[in-house]
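The values are calculated or read from the model by the stated rules, or taken from the named source; none is laboratory data. Values in this document were obtained by computation on a predicted structure and should not be read as measured data. Here the Cβ positions follow ideal geometry from the backbone for every residue, glycine too, while neighbour counts run over all protein chains shown.
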Amino acid sequence: MTELTERTKANMDVVLEETCRQLPHGGDHDSRRFIAERLIDAAQSGHATLGELGIVARRALADLTSKGN
């Protein structure tokens, strides 16, 4: 497992919060976890900028809403 930098963790936190604002009440635990897991996978693969993580989070959100969760 790749160790994430503090900057990457901060970027992930910002993106997660911004993305979950689009969900009712900021998203339930399972929805937030789903998006966070996607962000972790992306960051460990080297996609750590705000822009890259934002794309990953928006895709995860789209997947969630298309599943009806």
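Points to keep in mind about this one:
- Complete set of residues in region 1-52 that are among the small types (Gly, Ala, Ser), over 19 Å from LYS67 (Cβ atoms) and free of Cβ contacts under 8 Å to residues at least 24 places away in the same chain: ALA10, ALA42, SER45, GLY46, GLY51
- Within region 1-47, the only residue that satisfies the criterion of being exposed (fewer than 14 other Cβ atoms within 10 Å of the Cβ), hydrophobic (A, V, I, L, M, F, W, C) and either modelled with pLDDT under 95 or outside any helix (DSSP H, G or I) (or both) is MET1.
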